[in-house]
Amino acid sequence: MEHDDSILANYKKYDHLNEVGEPFLVKILVSYIKPSFLFKSKILTPIHLGRVVENVDSKDGVQSDEKLNWLHENCEFNDDFEGGISEHNRRIGFFTGSYWAWKNYEKLGNPKYFGNFGYRKLLDASALDNLSDYEMILPKPEHLTCPIGDQLVKFHGKSMIIAIEEAIKNIYPEELEDVHNYFAKQDGYFHELYILNKNLFFDYCAWLWPLIQFWLAFDFEKYNEQDHTVSQHYFAAVAEKRDVAFLIERITGYYLYKLTQKHHKYKEVEVHKFFSEEFMKNFKKNMLSSIRNKLKNEASE
């Protein structure tokens, strides 16, 4: 895998795509919640997510003034604006930045294409090759050892698949069969990564937002109380209450798949993932803790 600095260098080779002036051809938001390698160019655009709750304790702890200053100085935008949803970032994740872009698109230079990346996950720069020939650029599908729906339950608890089922039945009942078919597959789109033309991006946000509103009001605890899987304990410890973010990632995969079935012109490219030693250390630590809690709970039953 390439290093982050070489990936940035590869993206900068495409800076000429935005040199003509507004409207730009493409802008890609790179979402940050804490300092990391800075992916910034004429195309890659850092945005600080969770600005409204930046001083609130989270899975990463309370951010120091030094870290917050880094975010304020290096991120071109943040998700705090009148009518925004920054306060929900801890639960929603990436989409608070996508929502900002949807409602403030002109501030990006009204680009013909919009992309969504994270500071730890980016599409390969080859995504920009002959961009105008496509309507969307997608991550290469990932193959699971079980159906997508089963994997969601295994790692995040039964309440998640119930929440998807209820939301679709209430808001888009005509899509219920298609959603079932996608979640029965073992190959899907993950990470909430994409580059879409402006019209597809706006359609995606308009489609997704009612589902998010439904999930923000959904009673996950009603189902979680009866769900004692190791994974559910683990993710409760590591990611706190990021239930809606997990749902958004999975339903975005369905939505992108749905677009491919409508014969939109697209291509799929590799995903670059970056996880620090500290992240992996905490990952293993919390996983072991969750297993101990599971065994303890079973012994007391």
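What residue, of LEU68, LEU122, is in contact with a strand residue (DSSP E or B) (Cβ under 8 Å, 6 or more places away or on another chain) and at pLDDT 95 or above?
So the residue among LEU68, LEU122 that is in contact with a strand residue (DSSP E or B) (Cβ under 8 Å, 6 or more places away or on another chain) and at pLDDT 95 or above is LEU122.
Only a single criterion out of (1) within 28 Å of LEU216 (Cα to Cα); (2) at pLDDT 95 or above; (3) among the acidic types (Asp, Glu) is not satisfied by ASP60, namely (2).
Can you confirm whether LYS112 is within 20 Å of PRO23 (Cα to Cα), without any contact (Cβ under 8 Å) to a residue 40 or more places away in the chain and among the basic types (Lys, Arg)? So LYS112 fails the test. Scanning segment 155-191 for residues that are of a type in the set (Lys, Arg) and surrounded by fewer than 16 Cβ atoms within 10 Å (Cβ to Cβ) yields a count of 1.
Among the residues here, PHE114 qualifies as within 12 Å of VAL26 (Cα to Cα) and either buried (at least 21 other Cβ atoms within 10 Å of the Cβ) or among the β-branched types (Val, Ile, Thr) (or both). At least 3 residues being of a type outside the set (A, V, I, L, M) and at pLDDT 95 or above is the threshold, and among the helices (runs of 4 or more DSSP H) wholly inside segment 200-290 those reaching it are 243-261.
Of all residues in segment 152-182, those being over 14 Å from TYR223 (Cβ atoms) and modelled with pLDDT under 95 number 2.
Is one or more of the residues making up segment 100-118 within 18 Å of the chain's Cα centre (by Cα), more than 20 Å from ALA206 (Cβ to Cβ) and not β-branched (Val, Ile, Thr)? Yes, there is a match, as at least one residue in segment 100-118 is within 18 Å of the chain's Cα centre (by Cα), more than 20 Å from ALA206 (Cβ to Cβ) and not β-branched (Val, Ile, Thr). The residues on offer are LEU122, LEU152, LEU144, LEU176, and the sole one that is free of Cβ contacts under 8 Å to residues at least 40 places away in the same chain, out of contact with any Leu (no Cβ under 7 Å at 6 or more places or on another chain), farther than 17 Å from PHE201 by Cα and aliphatic (A, V, I, L, M) is LEU176. If you go through segment 1-19 and keep only what is within 16 Å of ARG120 (Cβ to Cβ), in contact with a strand residue (DSSP E or B) (Cβ under 9 Å, 6 or more places away or on another chain) and either assigned to a loop (DSSP other than H, G, I, E, B) or of a type outside the set (Phe, Trp, Tyr) (or both), you end up with MET1, GLU2, ASP4, ILE7, LEU8.
When segment 101-128 is filtered for residues that are farther than 21 Å from HIS191 by Cα and not polar (S, T, N, Q), the ones remaining, listed by number, are LYS103, TYR105, GLU106, LYS107, LEU108, GLY109, PRO111, LYS112. Against the conditions (1) surrounded by fewer than 18 Cβ atoms within 10 Å (Cβ to Cβ); (2) modelled with pLDDT under 95; (3) among the acidic types (Asp, Glu); (4) under 18 Å from the mean Cα position of the chain (by Cα), GLU298 satisfies every one except (4). Here VAL53 fits the description: among the aliphatic types (A, V, I, L, M) and out of contact with any Phe, Trp or Tyr (no Cβ under 7 Å at 6 or more places or on another chain). Of everything listed in (1) in contact with a Ser or Thr (Cβ under 8 Å, 6 or more places away or on another chain); (2) modelled with pLDDT of 95 or more; (3) at negative phi, the single unmet condition for ARG90 is (2).
The values are calculated or read from the model by the stated rules, or taken from the named source; none is laboratory data. These numbers were taken from a predicted model, which means no experiment stands behind them. Don't worry about glycine lacking a Cβ; one is built from the backbone with ideal geometry, like all the others, and counts go over all protein chains shown.
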